[in-house]
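Beneath this line is the structure, given in structure tokens, with notes to follow.
The values are calculated or read from the model by the stated rules, or taken from the named source; none is laboratory data. Note that this is a predicted model, so its numbers are computed, not measured. In this analysis, Cβ positions are derived from the backbone assuming ideal geometry, glycine residues included, and neighbour counts consider all displayed protein chains.
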Amino acid sequence: MNPFEYGDGGLYAEEVPLSRIAEDVGTPCYVYSRGRIEENWKVYNDAFGDYPHRICYAVKANGTLAILGILAGLGSGFDIVSGGELRRVEMAGGALSTVVFSGVGKTRSEVAAAIASGVACIDVESPDEIDRVSEAAVYLQRTAPIAVRVNPDVDPDTHPYIATGLKSSKFGIGIDRVIDTYRYAAGKPGIEIAGVACHIGSQLMDTEPLLDAFNRLLDLVDTLQGLGINIRHVDAGGGLGIGYGRVPGPDRTVWIKTMVETMGRRMQQLPIIIEPGRSIVGDAGVLLTRVEYLKTNGSKRFAVVDAGMNDLLRPALYGARHDIITVKQSTDAGQRYDVVGPVCESADVLGTALLPSLELGDLIAVKEAGAYGSAMASNYNARLRPAEVVVDGGRFHLVRQRETFENLVALEALALGETATQ
């Protein structure tokens, strides 16, 4: 399904006009399609067929409780990178026994909370972290299942900020040191070896690096099994990209089926864990915004809108490009606009687009904003974070209210010890 299509002269989210959402909720606003989220998740699940697996949605892509709740209802597992994400999964009704806790800098309290919650696995990234997990497990009188995150030194061919599988990356343990790391972990009290894991990067448009890394993991499993270290699952990570309106994304089904076939040729049916995020929610959301001003500087034509880089950081952070379209349908050949926000930074550019001639008050949709939009939103320039809406067929639900200024200052204090709200 395409959740955002034109009909009756305007852009719809499923069966709801985006103009109605803007009228009722205001702008800027994130709008998500429940149907598209569910469809994207099921593509992965169906590709595995009967093969033992777990799809652990990467919460960092979008941790809105309603979205986590939708995925929990499908039986999804979750990949988390913080204690806060653990609590979000719990609040959304996700089974904590399906959680994989990744991340390079887990604190003592986060490790203890994960063990106490009974997460499925903690992916460790250094000997120091193994010590920390062991100490917490012994103190809690629990056994902590772990996998070592392997850095396979595979080039994922993506933006350097989101490449995580090279030997120069802060993530994981170099494949040349992994055997010694497993031996070390196997000798620590409170530790149970559960699996091997890797994640080489994000927004990957080619599955070959993923399959290369997967084969290196299986080589490692063979070696570990030969040493008497039992491995119960292989975590292949995630990171599949989306086309952002310009090219098709990689074939998810082919990636899954190739891994399953590879596993069948090489060993017993070890369960496979994957951790998709962007490819589940990215194209399921738009950022809905309104034109505040139109101006021309030299040869540049600007549409100044009420959403900014604090609402969608990707263009400023990664040089990312999102398709931008008008909510009103038009046959106008259009003009090229720089769509910019109100933030006091020259980097506050959402994108450049060929749009029908704009008027003040026109609505614009920034597409593929379901991932790393609200998750990266900030209050820079004392701006309030937008509302969030989930569309379900012909209905829409406000799942996160727009912040208020009172929310913004609630935890602050004045210099003389008085609270900001007094």
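May I ask you to say which residue of Gly351, Gly319, Gly298, Gly341 is farther than 28 Å from Glu39 by Cβ, among the small types (Gly, Ala, Ser) and modelled with pLDDT of 95 or more?
So the residue among Gly351, Gly319, Gly298, Gly341 that is farther than 28 Å from Glu39 by Cβ, among the small types (Gly, Ala, Ser) and modelled with pLDDT of 95 or more is Gly341.
Six or more apart or on different chains, Cβ under 7 Å: which pairs go from a residue in region 297-313 that's within 11 Å of Pro386 (Cα to Cα) to one that's of a type in the set (Val, Ile, Thr) and in a loop (DSSP other than H, G, I, E, B)? Could you list them?
Asp306/Thr27; Gly308/Val343; Asn310/Val343
Need the failing condition index for Thr258 against (1) among the polar types (S, T, N, Q); (2) within 16 Å of Phe48 (Cβ to Cβ); (3) exposed (fewer than 14 other Cβ atoms within 10 Å of the Cβ), just the number.
Failed condition: (3).
Kindly state which strands (runs of 3 or more DSSP E) lie completely within region 306-392 and contain at least 1 residues that are charged (D, E, K, R) and crowded, with 17+ Cβ neighbours inside 10 Å.
387-392
Among the residues of region 1-38, count how many are part of a loop (DSSP other than H, G, I, E, B) and either within 11 Å of Val286 (Cα to Cα) or in contact with a Phe, Trp or Tyr (Cβ under 7 Å, 6 or more places away or on another chain) (or both).
Residues meeting the conditions: 2.
Report yes if Lys295 is of a type in the set (D, E, K, R), touching a Phe, Trp or Tyr at 6+ places or on another chain (Cβ under 6 Å) and over 28 Å from Gln225 (Cα atoms), otherwise no.
Criteria met by Lys295.
So which helices (runs of 4 or more DSSP H) stay within region 45-122 end to end and still have 1 or more residues that are within 16 Å of the chain's Cα centre (by Cα) and not acidic (Asp, Glu)? Lay out the reasoning, then the answer.
Numbers: elements: 65-74, 83-91, 108-117.
Counting at least 1 such residues, we get 65-74, 83-91.
Cβ contacts < 8 Å: first residue in the same structural domain as Ala382 (by TED's automatic domain parsing) and basic (Lys, Arg), restricted to region 395-419; second residue modelled with pLDDT of 90 or more and part of a loop (DSSP other than H, G, I, E, B), any location; separation 6+ or different chain. Result?
Note: pairs meeting the criteria are Arg400/Thr64; Arg402/Gly26; Arg402/Leu384; Arg402/Arg385; Arg402/Pro386.
Conditions tested, residue by residue: (1) of a type in the set (Val, Ile, Thr); (2) part of a helix (DSSP H, G or I); (3) in contact with a Phe, Trp or Tyr (Cβ under 8 Å, 6 or more places away or on another chain).
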residue: Ala213; (1), (2), (3): no, yes, no
residue: Arg216; (1), (2), (3): no, yes, no
residue: Gly237; (1), (2), (3): no, no, no
residue: Tyr244; (1), (2), (3): no, no, no
residue: Pro250; (1), (2), (3): no, no, no
residue: Ile256; (1), (2), (3): yes, yes, yes
